[in-house]
Amino acid sequence: MTSAPLRLRLDGDALVANWRALATLSGGAACGAAVKADGYGLGACGVASRLAAAGCRDFFVATWGEARALDPLGVAVSVLHGLREEDVAAARASKHARPVLNTVDQIRRWRDAGGGACDVMVDTGMNRLGIGVADVAAGLLDGLRIETLMSHLVSADEESPLNARQRDAFAALRGVTGARRMSLANSAGIALGRDYAFDLTRPGISLYGGVQSPVLAPHIRQVVTPQAQLLQRRRVPAGQTVGYNATWTAAADTQVATINLGYADGYLRCFSDRGLARAGGVAVPVIGRVSMDLVAIDVSAAPDVAEGDWITIDYALPETAARTGLSQYELITGLGDRFDRIWS
Ligand SMILES: *Cc1c(COP(=O)(O)O)cnc(C)c1O
(Lines give C-alpha, C1' and ligand atoms only; values in the text may rest on other atoms or scores of the structure.)
Protein backbone atom coordinates (compact mmCIF):
# COMPACT_ATOMS: atom_id res chain seq x y z
CA MET A 1 0.00 0.00 0.00
CA THR A 2 1.31 3.46 -0.78
CA SER A 3 1.87 5.83 2.09
CA ALA A 4 -0.62 8.64 2.68
CA PRO A 5 0.28 12.30 2.23
CA LEU A 6 -0.57 12.91 5.87
CA ARG A 7 0.50 11.13 8.99
CA LEU A 8 0.34 11.17 12.76
CA ARG A 9 3.67 10.87 14.48
CA LEU A 10 2.94 8.94 17.68
CA ASP A 11 5.57 9.03 20.41
CA GLY A 12 5.47 5.66 22.16
CA ASP A 13 8.04 6.71 24.77
CA ALA A 14 5.92 9.72 25.71
CA LEU A 15 2.79 7.56 25.95
CA VAL A 16 4.50 5.14 28.34
CA ALA A 17 6.13 7.98 30.31
CA ASN A 18 2.71 9.63 30.73
CA TRP A 19 1.21 6.37 31.98
CA ARG A 20 4.10 5.88 34.43
CA ALA A 21 3.69 9.44 35.73
CA LEU A 22 -0.05 8.92 36.21
CA ALA A 23 0.64 5.57 37.91
CA THR A 24 3.04 7.26 40.32
CA LEU A 25 0.51 10.01 41.05
CA SER A 26 -2.08 7.28 41.70
CA GLY A 27 -0.02 6.21 44.72
CA GLY A 28 -0.82 2.69 45.85
CA ALA A 29 -3.72 2.37 43.40
CA ALA A 30 -3.31 0.47 40.15
CA CYS A 31 -3.40 2.63 37.04
CA GLY A 32 -5.46 1.54 34.05
CA ALA A 33 -6.02 3.16 30.66
CA ALA A 34 -9.11 4.40 28.83
CA VAL A 35 -8.68 3.34 25.20
CA LYS A 36 -12.24 3.95 23.96
CA ALA A 37 -12.80 5.76 20.66
CA ASP A 38 -9.96 3.69 19.18
CA GLY A 39 -7.46 4.82 21.77
CA TYR A 40 -8.69 8.44 21.53
CA GLY A 41 -7.93 8.25 17.82
CA LEU A 42 -4.36 6.93 18.04
CA GLY A 43 -5.32 3.28 17.43
CA ALA A 44 -6.43 1.22 20.42
CA CYS A 45 -4.19 -1.79 19.74
CA GLY A 46 -1.08 0.35 19.30
CA VAL A 47 -1.81 2.12 22.57
CA ALA A 48 -2.85 -0.93 24.60
CA SER A 49 0.04 -3.14 23.48
CA ARG A 50 2.57 -0.48 24.54
CA LEU A 51 0.89 0.14 27.88
CA ALA A 52 0.45 -3.58 28.57
CA ALA A 53 4.19 -4.06 27.97
CA ALA A 54 4.82 -1.28 30.50
CA GLY A 55 2.66 -3.03 33.10
CA CYS A 56 -0.85 -1.66 32.59
CA ARG A 57 -3.43 -4.34 33.41
CA ASP A 58 -6.84 -2.65 33.10
CA PHE A 59 -8.29 -1.20 29.91
CA PHE A 60 -11.58 0.63 29.35
CA VAL A 61 -13.59 0.85 26.11
CA ALA A 62 -17.11 2.04 25.34
CA THR A 63 -18.57 -0.83 23.31
CA TRP A 64 -18.22 -4.56 22.65
CA GLY A 65 -16.97 -3.83 19.15
CA GLU A 66 -14.10 -1.91 20.70
CA ALA A 67 -13.47 -4.78 23.12
CA ARG A 68 -13.29 -7.25 20.23
CA ALA A 69 -10.61 -5.14 18.54
CA LEU A 70 -8.40 -5.69 21.61
CA ASP A 71 -9.01 -9.45 21.78
CA PRO A 72 -5.72 -10.42 20.09
CA LEU A 73 -3.80 -8.67 22.89
CA GLY A 74 -5.39 -10.79 25.63
CA VAL A 75 -5.65 -7.83 28.03
CA ALA A 76 -8.47 -7.33 30.55
CA VAL A 77 -11.07 -4.94 29.16
CA SER A 78 -14.04 -3.28 30.85
CA VAL A 79 -16.89 -2.26 28.53
CA LEU A 80 -18.24 1.01 29.90
CA HIS A 81 -21.57 1.05 28.10
CA GLY A 82 -22.60 -2.19 29.67
CA LEU A 83 -24.78 -4.89 28.26
CA ARG A 84 -27.57 -4.48 25.73
CA GLU A 85 -29.60 -7.53 24.75
CA GLU A 86 -27.57 -7.56 21.52
CA ASP A 87 -24.32 -7.80 23.52
CA VAL A 88 -25.09 -10.81 25.68
CA ALA A 89 -23.64 -13.44 23.35
CA ALA A 90 -20.42 -11.47 22.77
CA ALA A 91 -20.07 -10.79 26.48
CA ARG A 92 -20.56 -14.44 27.44
CA ALA A 93 -18.13 -15.59 24.76
CA SER A 94 -15.39 -13.09 25.58
CA LYS A 95 -12.42 -14.39 27.50
CA HIS A 96 -10.95 -11.00 28.29
CA ALA A 97 -13.77 -8.45 28.44
CA ARG A 98 -16.48 -7.90 31.04
CA PRO A 99 -19.40 -5.47 31.14
CA VAL A 100 -19.64 -2.41 33.33
CA LEU A 101 -23.27 -2.81 34.39
CA ASN A 102 -25.05 0.53 34.52
CA THR A 103 -28.77 -0.12 34.97
CA VAL A 104 -31.21 -2.37 36.79
CA ASP A 105 -32.06 -3.99 33.45
CA GLN A 106 -28.41 -4.63 32.62
CA ILE A 107 -27.88 -6.30 36.00
CA ARG A 108 -30.93 -8.50 35.50
CA ARG A 109 -29.77 -9.35 31.97
CA TRP A 110 -26.31 -10.35 33.24
CA ARG A 111 -27.75 -12.50 36.01
CA ASP A 112 -30.20 -14.18 33.60
CA ALA A 113 -27.38 -14.92 31.18
CA GLY A 114 -25.49 -16.74 33.92
CA GLY A 115 -23.44 -13.88 35.32
CA GLY A 116 -19.73 -14.07 35.94
CA ALA A 117 -17.18 -11.37 36.66
CA CYS A 118 -18.47 -7.87 35.98
CA ASP A 119 -17.94 -4.26 36.92
CA VAL A 120 -20.65 -1.90 38.15
CA MET A 121 -21.02 1.85 37.67
CA VAL A 122 -22.66 3.81 40.46
CA ASP A 123 -23.88 7.32 39.71
CA THR A 124 -22.80 9.80 42.37
CA GLY A 125 -23.88 12.98 40.59
CA MET A 126 -23.19 12.84 36.85
CA ASN A 127 -26.72 11.58 36.09
CA ARG A 128 -25.42 9.92 32.97
CA LEU A 129 -24.76 6.20 33.40
CA GLY A 130 -24.93 4.10 36.55
CA ILE A 131 -27.23 2.74 39.21
CA GLY A 132 -28.11 4.87 42.23
CA VAL A 133 -26.43 4.75 45.62
CA ALA A 134 -29.84 3.85 47.07
CA ASP A 135 -30.04 0.82 44.73
CA VAL A 136 -26.79 -0.45 46.24
CA ALA A 137 -28.13 -0.03 49.76
CA ALA A 138 -31.31 -1.85 48.74
CA GLY A 139 -29.29 -4.94 47.80
CA LEU A 140 -29.45 -4.73 44.00
CA LEU A 141 -25.89 -6.00 43.72
CA ASP A 142 -26.11 -8.84 46.22
CA GLY A 143 -24.53 -12.00 44.91
CA LEU A 144 -22.94 -10.37 41.84
CA ARG A 145 -19.28 -11.17 41.19
CA ILE A 146 -18.05 -7.58 41.04
CA GLU A 147 -14.46 -6.99 40.04
CA THR A 148 -14.54 -3.18 40.12
CA LEU A 149 -17.14 -0.80 41.52
CA MET A 150 -16.84 2.54 39.70
CA SER A 151 -18.16 6.03 39.68
CA HIS A 152 -17.26 8.97 37.45
CA LEU A 153 -16.42 12.56 38.42
CA VAL A 154 -18.48 15.44 37.04
CA SER A 155 -15.97 18.29 37.41
CA ALA A 156 -12.58 16.75 38.06
CA ASP A 157 -10.95 19.42 35.88
CA GLU A 158 -12.28 22.26 38.04
CA GLU A 159 -12.18 23.25 41.67
CA SER A 160 -15.71 22.35 42.61
CA PRO A 161 -17.44 21.21 45.80
CA LEU A 162 -18.89 18.40 43.68
CA ASN A 163 -15.52 16.62 43.74
CA ALA A 164 -15.39 16.04 47.49
CA ARG A 165 -19.11 15.31 47.58
CA GLN A 166 -18.76 12.56 44.98
CA ARG A 167 -15.61 11.18 46.63
CA ASP A 168 -17.38 10.93 49.98
CA ALA A 169 -20.54 9.38 48.51
CA PHE A 170 -18.39 6.82 46.75
CA ALA A 171 -16.17 6.12 49.77
CA ALA A 172 -19.30 5.35 51.80
CA LEU A 173 -19.83 2.33 49.53
CA ARG A 174 -16.58 0.71 50.58
CA GLY A 175 -17.32 -2.70 52.08
CA VAL A 176 -21.02 -2.42 51.23
CA THR A 177 -20.72 -4.49 48.06
CA GLY A 178 -18.54 -7.53 47.42
CA ALA A 179 -16.48 -5.56 44.88
CA ARG A 180 -12.81 -6.48 44.85
CA ARG A 181 -11.75 -2.94 43.92
CA MET A 182 -13.12 0.61 43.74
CA SER A 183 -12.33 3.14 41.01
CA LEU A 184 -13.27 6.82 40.70
CA ALA A 185 -10.57 8.96 39.09
CA ASN A 186 -10.06 9.82 35.42
CA SER A 187 -6.96 11.84 34.41
CA ALA A 188 -7.99 15.06 36.12
CA GLY A 189 -9.30 13.08 39.09
CA ILE A 190 -5.80 11.69 39.70
CA ALA A 191 -4.59 15.28 40.07
CA LEU A 192 -7.13 15.90 42.87
CA GLY A 193 -5.07 13.78 45.26
CA ARG A 194 -4.54 10.32 46.66
CA ASP A 195 -7.96 10.19 48.33
CA TYR A 196 -9.51 10.13 44.85
CA ALA A 197 -7.44 7.19 43.61
CA PHE A 198 -9.11 4.39 45.61
CA ASP A 199 -7.83 1.04 44.22
CA LEU A 200 -7.69 1.74 40.49
CA THR A 201 -7.49 4.89 38.36
CA ARG A 202 -8.77 5.26 34.78
CA PRO A 203 -6.83 7.97 32.94
CA GLY A 204 -7.50 8.63 29.28
CA ILE A 205 -6.74 12.07 27.89
CA SER A 206 -3.52 12.62 29.86
CA LEU A 207 -2.01 9.40 28.51
CA TYR A 208 -2.28 11.06 25.11
CA GLY A 209 -0.87 14.47 26.06
CA GLY A 210 -3.96 16.22 27.40
CA VAL A 211 -3.48 18.41 30.47
CA GLN A 212 -6.45 19.71 32.43
CA SER A 213 -4.84 20.43 35.73
CA PRO A 214 -1.73 22.42 36.65
CA VAL A 215 -0.73 19.48 38.84
CA LEU A 216 -0.32 17.30 35.74
CA ALA A 217 1.37 19.88 33.50
CA PRO A 218 4.98 19.11 34.50
CA HIS A 219 4.45 15.35 34.07
CA ILE A 220 2.65 15.05 30.72
CA ARG A 221 4.38 14.99 27.34
CA GLN A 222 2.92 15.50 23.87
CA VAL A 223 2.23 12.18 22.13
CA VAL A 224 0.49 13.10 18.85
CA THR A 225 1.94 15.31 16.12
CA PRO A 226 0.15 15.63 12.76
CA GLN A 227 2.25 16.15 9.65
CA ALA A 228 1.01 16.91 6.14
CA GLN A 229 2.85 16.90 2.85
CA LEU A 230 3.29 20.05 0.80
CA LEU A 231 1.45 19.68 -2.51
CA GLN A 232 2.15 23.01 -4.18
CA ARG A 233 4.13 26.16 -3.49
CA ARG A 234 3.31 29.41 -5.24
CA ARG A 235 3.90 33.17 -5.14
CA VAL A 236 0.74 35.14 -4.43
CA PRO A 237 1.17 38.76 -5.54
CA ALA A 238 0.14 41.60 -3.23
CA GLY A 239 -3.59 42.25 -3.41
CA GLN A 240 -4.61 38.71 -4.40
CA THR A 241 -6.57 36.42 -2.11
CA VAL A 242 -6.17 32.80 -0.98
CA GLY A 243 -8.85 30.15 -0.54
CA TYR A 244 -12.62 29.95 -0.41
CA ASN A 245 -14.53 33.21 -0.06
CA ALA A 246 -11.30 35.21 -0.37
CA THR A 247 -11.05 35.78 3.37
CA TRP A 248 -7.27 36.35 3.25
CA THR A 249 -5.61 39.01 1.11
CA ALA A 250 -1.86 39.24 0.55
CA ALA A 251 -0.60 42.53 1.98
CA ALA A 252 2.67 41.96 0.11
CA ASP A 253 3.98 39.31 -2.26
CA THR A 254 3.64 36.07 -0.27
CA GLN A 255 4.96 32.54 -0.64
CA VAL A 256 2.01 30.22 -0.08
CA ALA A 257 2.10 26.44 0.41
CA THR A 258 -0.94 24.22 0.00
CA ILE A 259 -0.75 21.13 2.21
CA ASN A 260 -2.63 17.82 2.32
CA LEU A 261 -4.87 18.35 5.36
CA GLY A 262 -8.41 19.61 5.85
CA TYR A 263 -11.53 19.57 7.94
CA ALA A 264 -12.39 16.07 6.69
CA ASP A 265 -9.28 14.97 8.62
CA GLY A 266 -10.45 16.68 11.79
CA TYR A 267 -8.51 19.89 11.16
CA LEU A 268 -11.64 21.95 11.58
CA ARG A 269 -12.57 25.32 10.15
CA CYS A 270 -11.78 27.05 13.44
CA PHE A 271 -8.11 26.77 12.42
CA SER A 272 -8.76 29.17 9.53
CA ASP A 273 -6.36 32.15 9.86
CA ARG A 274 -5.46 30.78 13.29
CA GLY A 275 -3.62 27.45 12.97
CA LEU A 276 0.15 27.24 13.26
CA ALA A 277 2.64 24.90 11.68
CA ARG A 278 6.40 24.44 11.34
CA ALA A 279 8.23 24.20 8.06
CA GLY A 280 12.00 23.89 7.83
CA GLY A 281 12.28 24.72 11.52
CA VAL A 282 10.36 28.01 11.41
CA ALA A 283 6.81 28.85 12.49
CA VAL A 284 4.39 29.36 9.60
CA PRO A 285 0.75 30.44 9.97
CA VAL A 286 -2.39 29.03 8.37
CA ILE A 287 -3.95 31.63 6.07
CA GLY A 288 -7.51 31.77 4.78
CA ARG A 289 -10.19 29.14 5.11
CA VAL A 290 -9.47 25.51 5.91
CA SER A 291 -10.92 23.43 3.03
CA MET A 292 -12.16 19.86 3.19
CA ASP A 293 -8.81 18.38 2.13
CA LEU A 294 -6.44 21.35 1.92
CA VAL A 295 -4.95 24.12 4.01
CA ALA A 296 -2.85 27.11 2.89
CA ILE A 297 0.09 28.33 4.92
CA ASP A 298 2.34 31.33 4.52
CA VAL A 299 5.85 29.94 4.00
CA SER A 300 7.56 33.22 3.16
CA ALA A 301 9.81 32.65 6.18
CA ALA A 302 10.81 29.17 4.92
CA PRO A 303 12.42 29.73 1.51
CA ASP A 304 13.78 26.18 1.14
CA VAL A 305 10.56 24.30 1.80
CA ALA A 306 9.36 22.63 -1.39
CA GLU A 307 6.81 20.29 -2.93
CA GLY A 308 6.88 16.90 -1.16
CA ASP A 309 8.26 18.25 2.13
CA TRP A 310 6.48 17.42 5.36
CA ILE A 311 4.91 20.26 7.32
CA THR A 312 4.48 19.74 11.05
CA ILE A 313 1.22 21.01 12.52
CA ASP A 314 1.28 22.65 15.96
CA TYR A 315 -1.03 20.37 17.94
CA ALA A 316 0.01 20.44 21.60
CA LEU A 317 -3.40 19.73 23.13
CA PRO A 318 -3.61 22.34 25.92
CA GLU A 319 -2.31 25.20 23.78
CA THR A 320 -4.32 24.20 20.71
CA ALA A 321 -7.52 23.96 22.75
CA ALA A 322 -6.89 27.43 24.16
CA ARG A 323 -6.28 28.82 20.65
CA THR A 324 -9.32 27.24 18.97
CA GLY A 325 -11.98 26.85 21.65
CA LEU A 326 -12.20 23.12 20.90
CA SER A 327 -11.76 20.74 23.82
CA GLN A 328 -8.59 18.65 24.05
CA TYR A 329 -10.81 15.57 23.67
CA GLU A 330 -12.36 16.85 20.44
CA LEU A 331 -8.96 17.78 19.05
CA ILE A 332 -7.52 14.32 19.48
CA THR A 333 -10.49 12.04 18.82
CA GLY A 334 -11.44 13.94 15.66
CA LEU A 335 -8.26 13.08 13.75
CA GLY A 336 -9.52 10.94 10.88
CA ASP A 337 -8.76 7.74 9.03
CA ARG A 338 -6.71 9.31 6.26
CA PHE A 339 -3.67 9.75 8.52
CA ASP A 340 -1.05 7.04 8.52
CA ARG A 341 -0.37 6.36 12.18
CA ILE A 342 3.35 5.95 12.74
CA TRP A 343 4.76 5.02 16.13
CA SER A 344 8.29 5.81 17.15
C1 LIG B 1 -13.49 8.37 29.24
C2 LIG B 1 -13.57 7.90 30.63
C3 LIG B 1 -12.44 7.95 31.46
C4 LIG B 1 -11.16 8.64 31.06
O5 LIG B 1 -11.36 10.04 31.19
P6 LIG B 1 -10.24 11.12 30.85
O7 LIG B 1 -10.88 12.41 31.22
O8 LIG B 1 -9.99 11.02 29.39
O9 LIG B 1 -9.04 10.80 31.65
C10 LIG B 1 -12.55 7.36 32.72
N11 LIG B 1 -13.72 6.82 33.15
C12 LIG B 1 -14.82 6.78 32.38
C13 LIG B 1 -16.08 6.18 32.92
C14 LIG B 1 -14.80 7.34 31.11
O15 LIG B 1 -15.91 7.34 30.36
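Miscellaneous remarks
- Taken over segment 203-344, the percentage of Cα pairs per 10 Å bin, counting from 0 up to the bin with the maximum distance, is 12, 41, 32, 12, 2, 0.
- For GLN240, the residues whose modelled amide H falls within less than 5 Å of its own, excluding neighbours fewer than 5 places apart on the same chain, are ALA250.
- Compactness index (Cα Rg / 2.2 N^0.38 Å), segment 69-112: 1.12
- To the nearest 10, the accessible area of MET292 is 100 Å² with a 1.4 Å probe.
- Taking all protein chains as shown and a probe of 1.4 angstrom, GLU330 keeps an accessible surface of around 100 Å².
- The chain, relative contact order in percent, only Cα pairs under 8 angstrom and at least six apart counted: 19 percent
- Mean-square fluctuations from a GNM of the chain, with a 10 angstrom spring cutoff on Cα atoms, peak among ALA188, ALA21, ALA302 at ALA302.
- Span-rule helices in the chain, defined as complete DSSP H runs reaching 18 Å or more along the axis (Cα) with Kyte mean at least -0.5: 12-25
- For segment 222-263 versus segment 279-329, the gap between their alpha-carbon centres in whole angstrom: 9 Å
- The sum of -39500 (n - 2.57) across all DSSP H runs of n ≥ 4, divided by the residue count of the chain, sets its helix-only mean residue ellipticity at 222 nm to -6500 deg cm²/dmol.
- Summarised as an ellipsoid, segment 93-156 has semi-axes of 20, 14, 9 Å, derived from the eigenvalues of the Cα gyration tensor scaled by 5 and square-rooted, with the largest first.
- The longest stretch of the chain left intact once loop-based trypsin sites (Lys or Arg not before Pro) with at most 11 other Cβ atoms within 10 Å are removed from consideration, loops following DSSP, is 129-344.
- Extents of the chain, largest first, come to 76, 45, 36 Å (Cα atoms, principal axes, whole angstrom).
- Distant-in-sequence amide H partners of LEU83 (H built 1.01 Å from N, under 5 Å): ASN102
- Apportionment of accessible area to carbon and sulfur, the chain, percent (1.4 Å): 50 percent
- When the Gaussian network model of the chain links Cα atoms closer than 10 Å, the mean-square fluctuations of PRO218, PRO318, PRO99 top out at PRO218.
- Taking segment 1-130 and dividing mean pair separation by its residue count, relative contact order in percent (alpha carbons under 8 Å, at least six apart): 15 percent
- Of the beta bridges in the chain, as assigned by DSSP with both residues counted there, near 50 percent are antiparallel.
- Heavy atoms of CYS31: accessible area, 1.4 Å probe, square angstrom to 10: 10 Å²
- The convex hull around the C-alpha trace of segment 13-170, projected and averaged over every direction, spans 9.9 square nanometres.
The values are calculated or read from the model by the stated rules, or taken from the named source; none is laboratory data. A quick note: this is a predicted structure, and the numbers were derived from the prediction, not measured. Every residue, glycine among them, receives a Cβ derived from its backbone with ideal geometry; neighbour counts consider all protein chains shown. What goes into the accessible areas is simple: the full protein's heavy atoms, side chains included, and nothing from ligands, DNA or RNA. Shrake-Rupley method; radii C 1.70, N 1.55, O 1.52, S 1.80 Å.
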